[in-house]
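A quick write-up on the structure given underneath.
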Amino acid sequence: MRRCTTMLPVLLLFLLLPGVPGQVQSDAGHPQVINLHPDGPQPQQLEVAAGTAIVWVSHLAHTNLVVVTVSFHEGQQVAQATTTVQGYNGFILEGHDFIGRMEGNGGKVALRFVTPGTYTYAIDQDHLSGTIVVR
């Protein structure tokens, strides 16, 4: 009986502690980053689960771009398939395009994709482009 009473607190400790060895922690809550370089976005195609936040980060300061634009030409469709991400510059609907603007030197914009689909974006007037596949 004494052995049982000393094992009970140890068992309860393992049941109550988060991160017990052997458990897999999900990365679903972490944003995915697309780095914008002069030769294109890295990665150029990104596949994510629905609900994932995507953050674009500009590394284009040396290209003399003061403002970098990320635009989706299917603006209304993308606006309905996404939500804003707190703490980052957002996107606005301008005509048929859904556009996010950031500083050329380390600026960031972000969207959370909630609807599955394939979304293509352009960086500064179609010179560079990339694709996001939401499953």
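The values are calculated or read from the model by the stated rules, or taken from the named source; none is laboratory data. Here the structure is a predicted model, which is why all the values come from computation and not from measurement. Cβ coordinates were reconstructed from backbone atoms using ideal geometry, including for glycine residues, and neighbour counts include every protein chain displayed. Please note that ligands, DNA and RNA were not included when accessible areas were found on the heavy atoms of the full protein model with its side chains. Shrake-Rupley method; radii C 1.70, N 1.55, O 1.52, S 1.80 Å.
Along Cα→Cβ, 7 Å out, is where each label goes; now give me the distance between the ones at residue 73 and residue 61 in nm to one decimal.
Between residue 73 and residue 61, the label points sit 3.2 nm apart.
Using modelled amide H (1.01 Å from N, peptide plane; none on Pro or chain starts), what sits under 5 Å from the amide H of residue 49, excluding residues fewer than 5 places away?
135
Determine the share of the stretch 90-131's accessible area contributed by carbon and sulfur atoms, expressed in whole percent, with a 1.4 angstrom probe.
Whole-percent figure for carbon plus sulfur exposure: 48.
Could you check the simple spin-label distance between residue 42 and residue 93, using points 7 Å along Cα→Cβ, in nm with one decimal?
With each label point 7 Å from Cα toward Cβ, the separation is 3.6 nm.
Under 13 Å from the Cβ of residue 88, count the other residues' Cβ atoms, weight Lys and Arg +1, Asp and Glu -1, and hand me the total.
Working: positive: 101, 108, 112; negative: 103.
The answer is +2.
In nm, to one decimal, how far is the modelled label at residue 120 from the one at residue 35, with both set 7 Å along Cα→Cβ?
If labels sit at residue 120 and residue 35, their model points lie 2.6 nm apart.
Under a 5 Å amide H to amide H cut-off, with H placed in plane at 1.01 Å, what residues pair with residue 55 once short-range neighbours are removed?
Amide H neighbours of residue 55, under 5 Å, 5+ apart: 32, 33, 34.
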